[in-house]
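The values are calculated or read from the model by the stated rules, or taken from the named source; none is laboratory data. If you're wondering where the values come from, they're calculated on a predicted model, not measured in any experiment. Backbone-built Cβ (ideal geometry, glycine too); neighbour counts: all protein chains shown. Side chains are part of the model used for accessible areas, which takes the heavy atoms of the whole protein and leaves out ligands, DNA and RNA. Shrake-Rupley method; radii C 1.70, N 1.55, O 1.52, S 1.80 Å.
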Amino acid sequence: METDGLTTGFDDADVDLSDETQDFRFLANITKKGGGSIPKRGEKDFEPDGTNLQSSTLDDSRNAMFQALSVERSHTGKTRATATWHPTRRLAQIHEQRGVLFKAMGRADRNGTMWLLPEELMYMVERGSLECFYEQEQGPEDPAEPEHKRSIGLNVPMSVQAVYAAALEATGGLERYQVYANLKRSGYIVFRDPEGQFDELFRNVGYEYKAPPPTRRGWNLWGLGIFEALFNGAFWGTGKGDPFRSMLAPGAYRSYAEMYKRLAIPRKEVTWTPTAKTGEEGTKSSRFTVTYHVWKPRPNFKKSAPGPPDFYICVVSTLDTKLPSLAEVDGLFKDIPEVDRATARQKGLYQGLKEGRRNVILATVDYGVISYMKFSDSRFGDEMLEVDPPAKGKGKPGNKGGKGGPPAKK
Amino acid sequence: MADTSANGSATAATATPSTKPPHSAKPKRPNYNVIHADPLPVVLYHSPPLIPHNPLSLLHHLYLYFFPPVQSHKVVYIGVFSPVTMSVEVRDPTAVLDLWNKGFWGKGNLSRSEPTWLNRELRRLGDTQVGETSEEITRRRRDQRKEMKKERARKEKEELQKIKEAEAKSKEDGSAANGKLIIADSKVVVGIEAEISGLDETVTESTQPSIPTEELGLPTPPPSSDELNISDAESKTAMVNIGSETLPVSVPPTSKSPPVQLAKVVRFDNNTSTKEIPVQKKVTVQNQEHLQLMLSEAFFLVYVLGILSVTTADSTNPLPLPEIFKLFLRYSTFPPLPESSVSLTSLNPDNSFLINYVVYHHFRSLGWVVKSGVKFSVDYLLYKRGPVFSHAEFAILIIPSYSRWEGREENVGKEWYWLHSITRVNSQVKKTVVLVYVDVPTADEVKGWGCEADGLKKVLGKYKIREVALRRWIPGRNRE
């Protein structure tokens with residue numbers, strides 16, 4: 001591959017190994033030896049070079065893949081979990097809780113019955129951890145009988161395809177499931193945003209995540225407007241009535257910071273009063289809402305008290321969305337608690353601006369290919385850079401060789 | 001950042017720092033902290049030293065405190081608006097130097113950024129007093145990399161040939177040893193990889209010798225034939241200047257040898273034998289380069305700082321500010337808007353010059369050095385302090401927003417693939433793309449601005465700005 005000067009600055013954090021095709025030979029090695037170090041990937045070959053060596057390497061790799069895929073997958077009776085899909089409630093009822101996966105999945109009702117969301121069900125069935133059954137056809141329901149006691153055991157098993165057909169719609173579309181499964185497979189703990197829950201059982205999340213009611217300042221605080229007005233009005237009043245009056249009148253300035261203060265343009269706070277236009281777009285902007293709350297994998301995770309999520313994910317499809325508008329971005333951020341300026345600045349100026357006061361990860365799904373992009377609410381307006389040169393002699397003693405003592409202030 | 005050498009401030013104060021003391025192998029970097037100490041081309045007021053026990057000094061100070069002498073704007077530079085390049089040209093050398101050193105305004109029209117054409121030309125003609133320019137350093141680095149890649153490709157080819165030969169040979173030997181061959185070959189491959197990975201250093205080392213000669217300011221290699229005419233003519237005068245007095249130059253100027261000669265000087269020193277020092281040579285070249293200011297930059301200098309006046313090519317009279325404003329509004333697009341369609345009384349807030357300027361002003365006033373981002377498919381680049389200090393960390397993409405406009409679609413044509421292509425380009429150069437949403441006011445909101453004091457400032461304040469930084473997020477890298 002031709003690389004020019006730019007690629008040398010390649011950001012390691014941006015290298016996504018999962019973008020590459022798996023070399024199954026490594027898998028075979030690991031399983032054979034039972035562990036071992038993670039193999040280092042070799043150079044990519046892009047074209048056949050006509051050697052036997054290359055073709056035999058390719059054959060090895062291919063064979064290793066077939067071998068890995070041909071292994072019969074089996075389940076022990078002990079960990080076999082079963083569930084029933086309830087189409088009316090759009091949830092799956094677990095018959096018996098088994099396995100560690102339920103630690104970060106599903107929710108139990110007051111009777112102790114565990115319920116799975118459609119995406120959780122699909123994920124479990126897809127990976128072979130759960131067998132799902134159709135709900136038993138029955139006559140008029142007896143409302144007195146508790147739900148979890150009905151229809152266990154006699155049902156017809158669902159195929160994986162049937163599970164998709166039944167649960168995909170309730171998941172909110174294929175894209176949402178693809179992102180869910182991708183994050184789960186990557187090891188994250190994923191729960192739906194409470195707002196997106198259709199069942200009351202899942203609404204109560206056990207943690208506060210909504211942003212406190214907005215005590216909105218402006219987006220950009222522009223110094224002290226009163227002083228500005230005072231200065232401009234009273235002191236530099238010579239050009240009154242001039243729409244083009246210079247912002248930095250000739251004068252005596254003792255520091256550049258003082259000058260920069262005058263260069264700022266005061267901006268009034270923006271409040272989002274939904275206009276006729278945004279109201280019309282209501283359905284469209286609702287595509288940009290938080291879909292999932294995501295936690296990093298942790299051993300002591302508790303479903304009942306998960307704590308605030310590490311990431312907020314918004315799933316959108318490239319088919320029906322484009323770059324979100326200002327109103328849509330604003331709507332997305334509104335629901336997320338923000339940190340104060342000092343917390344953001346702790347990581348440094350650059351990092352603070354990059355992470356912002358809050359951020360949402362937009363997962364754009366393009367025919368199954370997922371691309372995650374973090375949208376951060378940076379507030380450049382809150383960070384005035386140092387404009388005056390550092391005081392002379394500071395930080396480099398011995399610079400002024402012969403002269404002793406503190407550097408003279410100019 | 002910059003080399004904090006003991007003589008740093010002294011050298012740098014001259015603004016054209018000489019880069020090479022004859023004996024050190026590495027050229028001294030100019031002290032950028034001193035050269036670029038001022039973030040704006042406006043002069044600061046320094047009060048005289050206060051003598052506390054002298055009441056007169058105290059009084060004087062009090063007086064100065066309340067009635068300070070006006071001295072911020074000592075000169076007003078002159079720029080010429082060029083309709084062809086849609087930029088403002090500054091030709092006066094002191095203005096160019098000032099504007100570059102104090103705030104990194106504009107770019108040299110014959111350079112990548114800093115106007116260095118003259119220095120490059122002087123160096124090409126053999127002037128040894130001029131330091132290496134950034135273009136030369138970049139070019140050298142690129143050449144090295146090219147050479148390294150060539151070498152790597154050659155080695156790979158060689159190894160491939162070896163494998164092929166070995167395979168052909170084993171075929172002849174018979175099929176019995178087939179299994180062994182592969183094993184043997186995979187060892188070969190490991191060997192190659194090791195060699196290739198080690199190549200990087202070896203190549204740079206092997207090309208190293210060519211660098212110091214340049215860096216030391218030793219003569220450049222003989223110029224190609226088309227260059228010879230000029231440099232010969234130049235060298236004649238040069239040698240008359242210096243040669244007769246101190247350094248006897250033996251080569252007649254008419255000869256076709258390289259224009260710069262090494263003169264051997266024998267010193268009366270037993271320890272040092274013969275020393276080679278380059279002939280001190282003076283070349284005069286007329287500067288063909290000027291500073292180009294983006295319209296946003298020029299308007300900031302004219303309107304906000306008031307230290308630039310703009311003329312047109314046909315007249316030396318500075319244009320009045322409303323005229324400049326109108327001109328820039330017209331030349332915000334290509335082809336420029338017809339004069340009749342741009343009116344200051346019924347200002348159209350959705351003018352791309354206005355929107356670009358609002359963003360430019362926003363970041364400039366926060367202390368960032370804002371440069372064009374056209375190289376990275378964005379609108380602006382943000383530098384902290386300036387391009388000589390660090391790479392740009394943020395790439396600004398302006399997204400006009402029309403939430404207050406009736407029936408206007410947002411983000412037309414801004415599909416996801418468009419955004420991804422930009423963020424990918426910028427992550428390759430380690431920059432963070434920042435979407436800057438600019439909420440454009442409606443025409444009604446800016447009505448009557450021309451009759452008010454600070455009308456333009458109020459108009460600019462009606463644009464709302466919101467920054468959204470973008471970063472690719474990779475699940476496999478955020479689990480900790």
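Numbers for the structure displayed
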{"quantity": "Rough spin-label spacing in nm, given labels placed 7 Å along Cα→Cβ, for A:Glu258 and A:Phe301", "calculated": "5.7 nm"}
{"quantity": "Cross-link pairs A:Lys303/B:Lys430; A:Lys334/B:Lys464; B:Lys371/B:Lys458; B:Lys102/B:Lys447 - those with Cα-Cα distance over 28 Å", "calculated": "A:Lys303/B:Lys430; B:Lys102/B:Lys447"}
{"quantity": "Cβ-based net charge around B:Pro336, under 14 Å, with every Lys or Arg adding one and every Asp or Glu removing one", "calculated": "+1"}
{"quantity": "Whole-Å semi-axes of region B:362-480's equivalent ellipsoid (Cα gyration tensor)", "calculated": "31, 20, 12"}
{"quantity": "For A:326-338, mean number of other protein chain Cβ atoms within 10 Å", "calculated": "3"}
{"quantity": "Residues of region B:436-453 buried by at least 30 Å² on assembly (accessible area, 1.4 Å probe, chain alone as reference)", "calculated": "B:Tyr437, B:Ala453"}
{"quantity": "Cβ-Cβ FRET estimate between B:Arg408 and B:Leu56, R0 fixed at 60 Å, reported to 0.05", "calculated": "0.35"}
{"quantity": "Accessible surface, per residue, of region B:362-480 when the full set of protein chains is kept, probe 1.4 Å, Å²", "calculated": "37 Å²"}
{"quantity": "Chains A and B together, accessible area buried on both sides, 1.4 angstrom probe, square angstrom", "calculated": "9700 Å²"}
{"quantity": "Sulfur and carbon atoms: percent of accessible area, region B:30-162 [1.4 Å]", "calculated": "60 percent"}
{"quantity": "Sequence ranges B:114-125, B:352-363, ranked by mean other-Cβ count within 10 angstrom, highest first", "calculated": "B:352-363, B:114-125"}
{"quantity": "Distance violations [Cα-Cα > 26 Å] among A:Lys322/A:Lys354; A:Lys374/B:Lys107; A:Lys296/A:Lys374", "calculated": "A:Lys374/B:Lys107"}
{"quantity": "Interface residues, region A:185-203 - accessible area loss of 10 Å² or more versus chain alone, probe 1.4 Å", "calculated": "A:Ser186, A:Tyr188"}
{"quantity": "Carbon/sulfur fraction of accessible area - region B:362-480, other protein chains in place, 1.4 Å, %", "calculated": "51 percent"}
{"quantity": "Protein-only accessible surface order, largest first, of B:Leu56, A:Leu385 at 1.4 Å", "calculated": "B:Leu56, A:Leu385"}
{"quantity": "Separation between Cα centres of region B:91-134 and region A:345-364, rounded to whole Å", "calculated": "38 Å"}
{"quantity": "Number of partner chain Cβ atoms within 10 Å, mean per residue of B:407-416", "calculated": "5"}
{"quantity": "Shape of region B:48-160, Cα gyration tensor, a/c cut at 1.5", "calculated": "prolate"}
{"quantity": "Ordering of B:431-444, B:410-423 by packing [mean C-beta count within 10 Å, highest first]", "calculated": "B:431-444, B:410-423"}
{"quantity": "Cα gyration tensor category, rounded, prolate or oblate, for region A:308-368 with a/c compared to 1.5", "calculated": "prolate"}
{"quantity": "Neighbouring partner chain Cβ atoms per residue of A:51-57, average, 10 Å criterion", "calculated": "6"}
{"quantity": "Charge context of A:Lys78, other residues only, Cβ under 13 angstrom, K/R +1, D/E -1", "calculated": "+1"}
{"quantity": "Long-range amide H partners of B:Ser87 with built H, under 5 Å", "calculated": "B:Ser82"}
